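Written out below as structure tokens is the structure these notes cover.
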Amino acid sequence: MKESGSFFDRIYGFDALSCGLLLLSVILNLFTGLFPNEVLNQLNLISFLPLILCVLRFFSHNHEKREAENEKFTAMLHPIFEGMAERGEERKEAKLFRFFKCPVCRQKLRVPKGTGKVEITCPKCGNKFIKKA
């Protein structure tokens, strides 16, 4: 008996891990193209492996395994993107605040700009120190 739906209704599709594999393949291909020599030409063949894996994942019918692989990949990259988001927020707040680290516990603290010399008390360890904001 024939299954209902087309072939494309059952494929897994494109996710974060597939995007990462595709990006890795492009970077390796560009690197080997910009610096041609015999050793890198052998690496050029290896650079197609992430691309092949990306295509195989795209057409996979085993959604559970692909989702599990993608979850592991995104969990691995989460701290990197979280740090980037924090720096972006810090840049936005940099117009209004000065940022300091407590010399004892390294807790990040912020103080409004333009307040002059101010005594800062760390909420984490209670250490007091003076800085110019």
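Against the chain, whose longest principal axis is taken from its Cα atoms, helix 63-93 shows a tilt of about 30°. Excluding residue 18 itself, what net charge comes from residues whose Cβ is under 13 Å from its Cβ, given Lys and Arg +1 and Asp and Glu -1? Value of the local net charge: -1. Amide H to amide H, with H built 1.01 Å from N, residue 133 comes under 5 Å of 115, 116, 117, 118, counting only residues 5 or more places away or on other chains. For residue 119, the shell of other residues with beta-carbons less than 10 Å away shows a net charge of +3, using +1 for Lys and Arg and -1 for Asp and Glu. Relative to the dominant Cα principal axis of the chain, helix 16-34 is inclined by about 80°. Using the Cβ-Cβ distance between residue 93 and residue 124 with R0 set to 25 Å, the FRET efficiency from 1/(1 + (r/R0)^6) comes to roughly 0.80.
Using the 1.4 Å probe convention, the accessible area of the chain works out to 77 Å² per residue with neighbouring protein chains retained. Only protein heavy atoms count here; on that basis, with a 1.4 Å probe, residue 74 has an accessible area of about 50 Å².
For the chain, the 222 nm mean residue ellipticity estimated from helices alone, with every DSSP H stretch of n ≥ 4 adding -39500 (n - 2.57) and the total spread over all residues, rounds to -18000 deg cm²/dmol. For the chain, with all protein chains in place and a probe radius of 1.4 Å, 63% of the accessible heavy-atom surface sits on carbon or sulfur.
When the C-alpha to C-alpha distance is required to be over 23 Å, the pairs from 95/132; 72/92; 108/131; 72/101 that qualify are 72/92; 72/101. Is the range 1-112 rounded, prolate or oblate when judged by the Cα gyration tensor, a ≥ b ≥ c being the square roots of its eigenvalues, rounded requiring a/c under 1.5 and prolate requiring a/b larger than b/c? Oblate is the answer for the range 1-112, as a/c is 1.5 or above yet b/c matches or exceeds a/b. The distance between label points at residue 14 and residue 58 comes to 0.7 nm (points 7 Å beyond Cα on the Cα→Cβ vector). Where in the range 25-51 does the amide nitrogen come within less than 16 Å of the point 7 Å from the Cα of residue 76, taken along Cα to Cβ? Answer for this model: 25, 49-51.
The values are calculated or read from the model by the stated rules, or taken from the named source; none is laboratory data. What you see is a predicted model, and the numbers here were worked out from it, not measured in a lab. Note: ideal-geometry Cβ built from the backbone for every residue, glycine included; neighbour counts use all protein chains shown. In case anyone asks, the SASA skips ligands and DNA or RNA and just uses the protein heavy atoms, side chains included. Shrake-Rupley method; radii C 1.70, N 1.55, O 1.52, S 1.80 Å.
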